[in-house]
1. Evaluate the following for residue A:376: is it surrounded by fewer than 20 Cβ atoms within 10 Å (Cβ to Cβ) and touching a residue at least 40 places away in the same chain (Cβ under 8 Å)?
2. Return a yes/no flag: does segment A:174-192 have any residue that is within 10 Å of chain B (Cβ to nearest Cβ), under 30 Å from residue A:234 (Cβ atoms) and either at pLDDT 95 or above or crowded, with 24+ Cβ neighbours inside 10 Å (or both).
3. So for segment A:35-48 (the condition being touching a Phe, Trp or Tyr at 6+ places or on another chain (Cβ under 9 Å) and within 27 Å of residue B:20 (Cβ to Cβ)), does at least one residue qualify?
4. Give the residues of segment B:38-48 that are more than 8 Å from every other protein chain (Cβ to nearest Cβ) and crowded, with 21+ Cβ neighbours inside 10 Å, sorted by residue number.
5. Just one of the numbered conditions (1) in a helix (DSSP H, G or I); (2) within 14 Å of chain B (Cβ to nearest Cβ); (3) within 16 Å of the ligand (Cβ to nearest atom); (4) farther than 20 Å from residue A:98 by Cβ is not true of residue A:312; which one?
6. I'd like to verify a number: residues in segment A:286-321 that are surrounded by fewer than 22 Cβ atoms within 10 Å (Cβ to Cβ) and within 25 Å of residue A:347 (Cα to Cα), how many?
7. Report whether or not residue B:81 is more than 14 Å from chain A (Cβ to nearest Cβ) and out of contact with any Cys (no Cβ under 9 Å at 6 or more places or on another chain).
8. Is there any pair with a first residue in segment A:292-307 that is away from the ligand (no atom under 11 Å from the Cβ) and a second that is among the hydroxyl-bearing types (Ser, Thr, Tyr) whose Cβ atoms are under 7 Å apart and which are 6 or more apart or on different chains, and what are they?
Amino acid sequence: MSAVPPVEVEHHENYLNTSYGVWSWLLTTDHKRIGLLYLVSVTFFFFVGGFFATLIRLHLMTPQGTLVDAATYNKMFTMHGVVMVFFFLIPAIPTVLGNFLVPLMIGAKDLAFPRLNLASWYIFNAGGLLMIYSVMRGGLDTGWTFYPPYSSLYSNTHVVSAVLGIFIAGFSSILTGLNFLVTVHTMRAPGMTWGRLPLFVWSHYATSIIFVLGTPVIAITLALVGIERIFHLGIFDPSLGGDPVLFQHLFWFYSHPAVYIMVLPGMAVTTELITTFSRKRLFGYGFVAAASIAIAVIGFFVWGHHMFVAGQSFYASMVFSILSYLVAIPSAIKVFNWTATLYKGSISWATPMLYGLGFIGLFVMGGMTGLFLSALGVDVHVHDTYFVVAHFHYIMVGGTVMAYLGGLHYWWPKMSGRMYPEGLAKFAAVVLFIGFNLTFFPQFVLGYLGMPRRYHSYSPEFQVLNVMSTAGASILAVGYLLPMAYFIWSMRYGPIAGPNPWPGTGLEWLTASPPPEKNFEVTPVVTWDAYDFPNRHDLKYPAPTPGFTPAQTWPPE
Amino acid sequence: MSEAPYALQEHFRDLEQQKDAATLGMWIFLVTEVMFFGGVMLSYSTARYLHPAAFAAASHYSDPLIGAINTAVLICSSLTMALAVHASQLGERKPLVGYLAATIVLGCVFLAVKAYEWSHKFHEHVVPGYDFSFPGPEARSAALYFTHYFAMTGLHALHMVIGVAVLGVLLVRAWKGRYTPAYHTPVELSGLYWHFVDIVWIFLYPLLYLIDIHR
Ligand SMILES: [Cu+2]
């Protein structure tokens, strides 16, 4: 680690030093502080989920399984999935980066409902605690999908407390989405028209639509599973006259759009990274904005592709297959626009850009293999194999987690006022990329060769690829621990960042780092388009070295 | 008292922006409620589609007349709620308090009737998962009717209880003269919520009581 001498903090009043003490954090209504509270929560859950992932990969080192028996293995992958999906991937980017940045980017003092925002954090943690309680009491083994009648009748594990935890955490999602929607509609600064909104905000707007429309459905569905289990009712249980396929419809009506809850914010971050570090106006602003909304809307009509072999009608499967192809179009539009933005841009290879480029590559891999799966015939072959596992990990880990880390690096100077160590961060980004591909690429091959998912053992010919995957996972773990360590280090020892170290064009870069409690000394009046690099002569060029504060003129002429 | 500066939260520019935000927030909340109730209604529809005869037979345990009375009570409460909103817009304190009180009373009447119906079902041993016996071969399927009956009316009653509690808070504040023509958003938005809960019942009544009425 390079020995940068700690620089004296320049004393401006900001959201971090305006008040001290535990209660000033636990009772804060400042969206920036709540963003950091979420950062602590989701990081915790990330490591809980990661712990189970570690156990899974260690177990699968040998064909007969090294660590646990079959029943325990079922619990391992269930808890990995449940914790990661509901308590990390879904909330991570919106609640941490979205909370922190949406008001800043639109020039508002806060979200529309600050107390509701704080309440969302408590609700999230209450749900999370119930989940941890279920894990501590012995866990659950239903898979993250909670399919009845197994979940409601046969499983002997802690299903009720787990679904209650997800039910409660769901309200945190709903309220966050509601808060974002209202904020974007009513709190924009003068001159910040819809056509000037950063695409980060557009993507979060689209995400919020899914939060608001989808989450209530999973809430009521899991509530029904809980009720069915407690009172032995037959809503989904065929032996009592219920319909198990109904559950799958309701579950996937939310859980497919939930994939876009996870990836749209990742696209949001990537769009900002690509344009900033290409120092070029984003290619096709309108298309990218519209693509976000299109993904949110079409995403609600493709859920049946999870049920090709679940007994839905053949015609339904055909329609869902075609619609699933359709949803690839807006995603592809985004990828093409990012690529066109890179073309002839003055690209700088800062750490966030490495993550941004990593996102594009891995997202394309995940997306293209998604097309294999939406093809009815191919899906029947690879259904429930490691091919599917690899596919969604490319989207969720390669996409969402990469973007989340890229976003954390990019806005860390804004959040903390300090820079992270650039060299080490680049190294970690490369380690992550290599570790990720080594972990999950072999799983594509495994799935194609026919290794089924969710089994605690496998035939010996799959061992080489499994060992490769486990080796990759341990490299990946190093890649996750490094940023954790140097972010904490940089909070005290990192060089002072200044208001706009990259420089970026969003409103968030026009205020101090860290921002004052009410975000802006004077409410900004926006007279320029998003990403207007060509006309922003106030931004020094080329990008200054981190730690150097470029001169800021305000307002820009 | 035409201006109420204490009502403006500091992150808003003015009361108008604050009101826009609150109103949109309530509408979006109601959309989430539609999705929430929509899940149970889909479940109901599926079960009824699979077991039409059992649903028809079981629906005779719910008295359409009592349901109709309760429907009338709720519609009246929506009227008094609308009048309360009107009074708050004009800043008429006493009518506002009166209409809010009337709405609360009507809401409580509805809940009391509901409680009577529920206790009746307990006496008739048609509570699935607790005490259930139903004559004939369709007992298993009829249980699904009652499951949905309790889930849907229970969910609705929970919303009613929350609504009555919210109106209670409004009543106290209205008594203190907090609401003026310049600031009465809470009354308006609670009104929106109340009407929504009312409309849900308008759907529940035919779904649960009137399935087999023509026979
Ligand atoms: Cu899907």
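1. Against the criterion (surrounded by fewer than 20 Cβ atoms within 10 Å (Cβ to Cβ) and touching a residue at least 40 places away in the same chain (Cβ under 8 Å)), residue A:376 qualifies.
2. Taking every residue of segment A:174-192 in turn, at least one turns out to be within 10 Å of chain B (Cβ to nearest Cβ), under 30 Å from residue A:234 (Cβ atoms) and either at pLDDT 95 or above or crowded, with 24+ Cβ neighbours inside 10 Å (or both).
3. Looking for residues that are touching a Phe, Trp or Tyr at 6+ places or on another chain (Cβ under 9 Å) and within 27 Å of residue B:20 (Cβ to Cβ), one finds at least one in segment A:35-48, hence yes.
4. Of everything in segment B:38-48, just one residue is more than 8 Å from every other protein chain (Cβ to nearest Cβ) and crowded, with 21+ Cβ neighbours inside 10 Å, namely B:44.
5. Status for residue A:312: all satisfied but (1).
6. Count: 2.
7. yes
8. Close Cβ pairs (under 7 Å, with a partner that is among the hydroxyl-bearing types (Ser, Thr, Tyr)) amount to A:292/A:203; A:295/A:260; A:295/A:331; A:296/A:260.
The values are calculated or read from the model by the stated rules, or taken from the named source; none is laboratory data. Since the structure is predicted, the reported quantities are computational estimates derived from the model, not experimental observations. Positions of Cβ are backbone-derived with ideal geometry, glycine not excepted, and every protein chain shown enters the neighbour counts.
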